[in-house]
Amino acid sequence: MDYKRLTIRGISYSQTQSGAYALLLEHEETNIKLPVVIGNFEAQSISLGLEKDIHPPRPLTHDLFSKFVLATHFEIISVIIYQIIDGVFFSNINFKNQTTEEELILDARTSDAVAMAVRFDAPIFTTQQVLNEAGFLLELDDSSKQAETVEEIVAEGNLSSLTNEDLQKLLDDAVKDEDFDAALEIQEEIKRRKKKID
């Protein structure tokens, strides 16, 4: 399968879900952004994994599992975000034994898979289908609407009354303001319109 490589672009506090964070991944070639909602602990663990110089006084769960992986002579060779169902991403962690060349694939929450990938400098991949379903292309030259306006329009449910151009602009603004829940609703409206045309 032709997998698309992703890079971590940042972690931000979710404006719509209390106590949640948004992990922003980006396809290297097309700059399509893939937002993944994660919990507080996972956000902290990924951040610590990215900051190689910072070590917590006691090992976190992902650090402990990393030590176990190394002790059993395995390494993480990649993480694959292979599917999204009802807004939930599904991922695999691909391991390889350095001694026996044995390969092992484990199902994992995407947040845990990314937290492990950063500790092993392992590449993160996804499929074109996942990018099509949940990815956003961010246009950086639009700055006229504010995040409150986007939230109000989405909350009022008036998306069907907007033109396609207005929807795209609203989508760009929502992604720029890291309001990924609103962006997802706007993208669903765009997809509904495209299906009607097809």
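The values are calculated or read from the model by the stated rules, or taken from the named source; none is laboratory data. Everything numeric here is computed off the predicted structure, so don't read it as measured data. Heads up, the Cβs are rebuilt from the backbone with ideal geometry, glycines too, and the neighbour counts pull from every protein chain shown. Note: areas computed on protein heavy atoms with side chains; ligands, DNA, RNA excluded. Shrake-Rupley method; radii C 1.70, N 1.55, O 1.52, S 1.80 Å.
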Worksheet entry | Search result, residues across the stretch 1-50 that are touching an Asp or Glu at 6+ places or on another chain (Cβ under 7 Å) and among the hydroxyl-bearing types (S, T, Y) | T7, S12, T16
Discussion item. It is to be established whether one or more residues within the stretch 52-62 are in contact (Cβ under 8 Å) with a residue 12 or more places away in the chain and of a type outside the set (A, V, I, L, M, F, W, C).
Written reply: yes
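Which residue, of S45, S18, S12, is polar (S, T, N, Q), buried (at least 20 other Cβ atoms within 10 Å of the Cβ) and assigned by the TED database to the domain that holds I81?
Values: S18 fails: buried (at least 20 other Cβ atoms within 10 Å of the Cβ); S12 fails: buried (at least 20 other Cβ atoms within 10 Å of the Cβ).
Only one candidate qualifies: S45.
Among the listed residues E165, E185, E148, E152, which satisfies the condition of being assigned to a helix (DSSP H, G or I), at pLDDT 75 or above, open to solvent by 50 Å² or more (accessible area, probe 1.4 Å) and out of contact with any helix residue (DSSP H, G or I) (no Cβ under 6 Å at 6 or more places or on another chain)?
Numbers: E185 fails: out of contact with any helix residue (DSSP H, G or I) (no Cβ under 6 Å at 6 or more places or on another chain); E148 fails: at pLDDT 75 or above; E152 fails: at pLDDT 75 or above.
Residue meeting the stated conditions: E165.
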Item to complete: Spot the failing condition for L6; the list is (1) under 20 Å from L137 (Cα atoms); (2) open to solvent by 20 Å² or more (accessible area, probe 1.4 Å); (3) in contact with a Ser or Thr (Cβ under 8 Å, 6 or more places away or on another chain), and only one is missed.
Response: (2)
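Would you check which residues across the stretch 21-33 are open to solvent by less than 20 Å² (accessible area, probe 1.4 Å) and in contact with a Phe, Trp or Tyr (Cβ under 8 Å, 6 or more places away or on another chain) and list them? Spell out how you get there, then give the answer.
In the first step, residues of the stretch 21-33 are kept if they are open to solvent by less than 20 Å² (accessible area, probe 1.4 Å); the result is 22-23, 25-27.
The answer is A22, and nothing else.
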